[in-house]
Amino acid sequence: MLRYIARRLLIAIPTILLVSVLVFALQKLLPGDPVLTMAGEERDPEVLAFLREKYRLDDPLIVQYFAWFGQVLQGNLGISLRTDIPVLKLILTKLPVTIELAIFAMIVALAIGIPAGIISAVKKGTSIDYVANVTALSGLSIPNFWLGILLIMLVSVRWQLLPASGFVPPAEDLWMNIKTMLMPAIVLGTGLAASLMRHTRSAMLGVLRSDYIRTARAKGLLAPAVILKHALRNALMPIITLSTLLFGELLAGAVLTEQIFTIPGFGKLVVDAVFNRDYAVVQGVVLCTAVGFIFMNLLADILYVLVNPRLRHAR
Amino acid sequence: MTNESALRPSGANVTVAPAASQPLLRVENLSVRFDGAPPGINVVDDVSFTLAKGKTLCIVGESGCGKSVTALALMGLLPTPPARIVQGAAYVGDQNLFSLSERERADFRGNRTAMIFQEPMTSLNPAFTIGDQIAEGILRHKNVSKAQAWERALEMLRRVRIPAPEKRLRAYPHELSGGMRQRVMIAMALANEPQILIADEPTTALDVTIQAQILSLVRRLQEESGMSMILITHDLGVVAEVADEVAVMYAGRIVESGSVDAIFEDPQHPYTIGLMGSVPSLGRRQGRLATIRGSVPPAELMPKGCRFSPRCPFAESRCASEPPPLTEITPAHSARCWYAPLEQHRGAAA
Ligand SMILES: Nc1ncnc2c1ncn2[C@@H]1O[C@H](COP(=O)(O)OP(=O)(O)OP(=O)(O)O)[C@@H](O)[C@H]1O
Ligand SMILES: [Mg+2]
């Protein structure tokens with residue numbers, strides 16, 4: 001098992017290198033000269049030259065890349081051109097907010113998606129199954145921003161139950177923090193709940209047809225034990241992997257949701273940075289996201305092996 | 001020793017007076033239909049037989065003739081839908097299994113009746129240990145502690161002769177060979193000492209060398225416990241060896257049934273005779289039944305009369321249109337053929 005993890009970590013290294021090259025290249029290909037943006041209206045040639053020198057913009061690309069990557073490895077992602085705050089520090093203050101949102105959204109998705117998937121598989125072909133599928137389909141097709149605006153209008157404006165926007169750190173006021181996170185988590189989690197439901201349903205349907213389910217019933221086990229022990233345990237194996245991968249997507253999906261509810265997270269950081277041509281921040285964020293994705297993939301693979309006795313022993 | 005009248009099949013047109021000693025299991029006119037089949041075509045059609053205490057009934061017949069469906073119907077394990085029991089009864093004592101509630105049937109399963117399956121490789125849950133899977137069946141039906149159930153599971157692994165049973169208890173199914181898995185399935189089925197064991201081709205999926213071992217294991221366990229067994233098989237060699245009674249199935253119907261001696265010494269139905277002719281005596285590969293000319297017609301083309309008539313060398317016009325009754329040849333032997341008993345029709349058959 002440890003050898004398997006070590007091997008997977010080794011495979012991750014070239015992927016990360018490739019990502020770093022892409023991130024670097026992408027920013028070089030972006031239109032617009034960052035120096036002009038920074039210098040503002042004045043365009044004083046001396047200032048421009050100074051800035052070019054400071055950010056080594058005249059060196060050959062390969063030199064620029066290694067200089068940049070060397071710094072990255074030391075944890076230096078550069079300094080925000082706009083705010084003069086180190087990019088790493090910016091990321092580290094914004095990331096926990098987004099991770100909290102993603103975790104809440106994941107809880108919402110799992111709590112709805114998995115039970116709904118089980119029920120609609122067990123009740124296949126009945127009206128319950130039909131309703132669950134239609135609901136899931138609408139959950140998948142309703143855009144996040146629309147659901148967000150709808151919720152704000154109803155829950156915040158009309159019923160005045162939850163705040164429409166703003167963010168309170170959990171350390172400051174935990175209850176208020178949960179209240180501000182609830183609607184964004186629901187908005188972000190519903191699409192995911194729908195796709196988890198459909199995956200759980202089809203995994204359960206496959207498992208329920210298998211010979212070992214017949215064996216479980218032949219033992220005289222009653223429906224709850226057959227479904228919740230024998231079937232679910234096997235159906236969940238692929239779902240666990242899927243959830244891990246979806247968690248990565250949640251982080252990306254948070255961008256829009258954070259805009260709607262003005263939550264000062266990672267998503268808002270990216271959007272602001274892009275609009276301000278704050279390249280160092282964009283670069284840092286993209287790199288962080290990519291590395292995060294790679295690790296979520298790694299985690300998904302490892303979890304899959306861990307929950308599957310057949311693989312656990314083979315590795 | 002055997003009570004002759006108790007063993008007599010109770011076919012549609014044979015009225016049987018209640019026997020002095022009741023059989024353990026009495027199946028009457030069982031018919032199973034699958035949704036989407038042509039109207040009137042049942043996968044299992046009007047099947048009746050009895051099983052006496054401590055005896056073995058072998059059900060033989062070609063692949064697809066409805067042996068497994070019959071067994072699953074008795075266990076209450078048919079997938080419904082698409083399957084449906086359209087008529088029939090199965091009495092254990094004076095309880096009709098088919099009129100029990102789902103909960104009462106579950107109380108029977110794995111307890112008073114148990115089944116081992118054709119597919120040992122896929123019949124165990126890959127996510128749980130062997131011990132867990134055996135113990136849970138014991139915990140379901142017996143009022144014992146978890147430790148006692150595991151103790152019993154270990155004892156069962158010993159009884160089915162699994163080497164290093166303590167270790168196997170904690171093993172997962174994928175760590176075991178097909179033969180070992182089938183032993184585990186047997187241990188699981190017998191853990192609650194059922195009165196009736198249904199063994200659906202328990203050796204078909206296994207190596208020839210392992211087949212004999214598993215079969216003799218099942219027989220030894222049957223002798224030890226005195227349970228009754230329905231053994232489904234393709235293998236006439238096995239039938240000759242273990243059966244007390246034989247039921248020959250063709251396309252969903254029992255075409256001939258009787259004591260093992262009667263079937264082997266005086267087969268009456270042309271299909272049975274064909275099977276006998278097709279059992280190679282030495283060096284048989286798997287002992288499969290194969291060499292009757294033609295094949296089973298698809299459901300839409302199934303004749304109204306005798307379902308074997310399209311392949312029967314003796315068929316005449318009435319065979320295809322009128323279903324032959326189950327005719328009693330001796331009290332322990334009957335056949336579903338217009339020519340039975342053969343002695344009386346020798347001229348016509350020649
Ligand atoms: N789920 C199902 N849906 C539709 N038809 C089915 C289903 N299961 C079985 N059948 C049909 O029922 C018939 C009898 O099948 P069964 O499994 O009882 O055969 P069998 O005698 O056990 O054959 P084998 O020796 O290959 O195990 C087959 O012709 C098959 O087509
Ligand atoms: Mg079968």
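The values are calculated or read from the model by the stated rules, or taken from the named source; none is laboratory data. Computed from a predicted structure; not experimentally measured. When we count neighbours, we look across all protein chains shown, and the Cβ atoms used for this are built from the backbone with ideal geometry, even at glycine. Areas reflect the complete protein model, heavy atoms only, side chains present, ligands, DNA and RNA absent. Shrake-Rupley method; radii C 1.70, N 1.55, O 1.52, S 1.80 Å.
For the reader, a short list of remarks on this structure follows.
- At R0 = 30 Å, FRET efficiency that the Cβ-Cβ distance of A:LEU299 and A:ASP129 yields, to 0.05: 0.40
- Per-residue [θ]222 nm for the protein assembly as shown (sum of -39500 (n - 2.57) over DSSP H runs n ≥ 4, rounded to 500): -16500 deg cm²/dmol
- In a fully extended conformation the segment linking B:ARG170 and B:ALA240 would gain 21.4 nm over its present Cα-Cα distance, using 0.36 nm per residue.
- Legend: mean number of C-beta atoms from other chains within 10 angstrom of residue C-beta atoms, peptide A:207-214, equals 5.
- Amide H contacts of B:GLU322 (H built 1.01 Å from N, under 5 Å, at least 5 apart or other chain): B:GLY305, B:CYS306
- Listed peptides B:224-230, A:169-175, B:114-120, A:4-10 appear in the order B:114-120, B:224-230, A:4-10, A:169-175 once ranked by packing, highest mean of other Cβ atoms within 10 Å at the front.
- Relative packing of peptides B:125-137, A:150-162, B:318-330, B:231-243 - highest average C-beta neighbours within 10 Å first: B:125-137, B:231-243, B:318-330, A:150-162
- Folded to 0 to 90 degrees: helix B:208-225 orientation relative to chain B principal axis, Cα: 80
- Sorted on the mean count of surrounding Cβ atoms within 10 Å across their residues, most packed first, peptides B:105-113, B:184-192 read B:184-192, B:105-113.
- Trypsin sites (Lys or Arg not before Pro) lying in DSSP loop within the range A:170-279, provided at most 11 other Cβ fall within 10 Å: A:ARG209
- Nonlocal amide H pairs with B:LYS55, under 5 Å, H built at 1.01 Å: B:MET229
- Annotation: amide H-H contacts under 5 Å for B:VAL86 (H modelled 1.01 Å from N, sequence separation of 5 or more, or interchain): B:SER31, B:VAL32, B:ARG33.
- Placing a label point 7 Å from the Cα of A:ILE178 along the Cα-to-Cβ line, the residues of the range A:72-108 whose backbone N sits under 16 Å from it are A:100-101, A:103-108.
- Normalising the average separation of contacting C-alpha pairs (under 8 angstrom, six or more residues apart) by the number of residues puts the relative contact order of the range B:124-193 at 46 percent.
- Direction-averaged projected area, Cα convex hull, the protein assembly as shown: 41.2 nm², rounded to one decimal.
- Modelled FRET efficiency - R0 35 Å, B:ARG158 with A:ARG3, Cβ distances, 0.05 increments: 0.45
- J(HN,Hα) series, the range B:242-258, from Karplus relation 6.51 cos²θ - 1.76 cosθ + 1.60, nearest Hz, glycine and proline x: 10, 6, 9, 10, 10, 10, 9, 9, 9, 6, x, 10, 7, 8, 7, 8, x
- Taking the DSSP beta bridges with both ends in the protein assembly as shown, the antiparallel portion is around 60 percent.
- Computed on the Cα trace of the range B:124-193, the radius of gyration divided by the Kirkwood hydrodynamic radius gives Rg/Rh = 0.92.
- Per-residue mean of C-beta atoms belonging to partner chains within 10 Å, peptide B:174-180: 1
- The mean sequence distance of close C-alpha pairs (under 8 Å, at least 6 residues apart), as a share of the length of chain A, puts its relative contact order at 27 percent.
- Integer Hz, Karplus 6.51/-1.76/1.60 couplings in order for the range A:13-20, x for Gly and Pro: 4, x, 4, 5, 4, 4, 4, 4
- Taking 0.36 nm per residue of sequence separation and removing the Cα-Cα distance, the A:GLN71/A:VAL157 pair yields an extension gain of 26.2 nm.
- 3J(HN,Hα) along the range A:68-82: 5, 5, x, 5, 4, 4, 8, x, 9, 9, x, 10, 4, 5, 7 Hz, from the Karplus curve 6.51 cos²θ - 1.76 cosθ + 1.60 with θ = phi - 60°, whole Hz, x for Gly and Pro.
- Only Cα pairs under 8 Å and 6+ residues apart enter the sum, and on that basis the relative contact order of chain B stands at 20 percent.
- Euclidean distance of C-alpha centroids, the range B:157-173 and the range B:105-129, integer Å: 17
- Sorting A:THR93, B:THR50, B:THR209 by solvent-accessible area of protein heavy atoms yields B:THR209, A:THR93, B:THR50, largest first, with a 1.4 Å probe.
- Per-pair calculated FRET efficiency, R0 = 25 Å: B:VAL86 and B:SER63 via Cβ, rounded to 0.05: 0.60
- The mean count of C-beta atoms from other chains within 10 Å of the C-beta of residues in B:104-116, rounded to a whole number, is 3.
- Rg to Rh quotient for chain A, alpha carbon positions, Kirkwood Rh: 1.06
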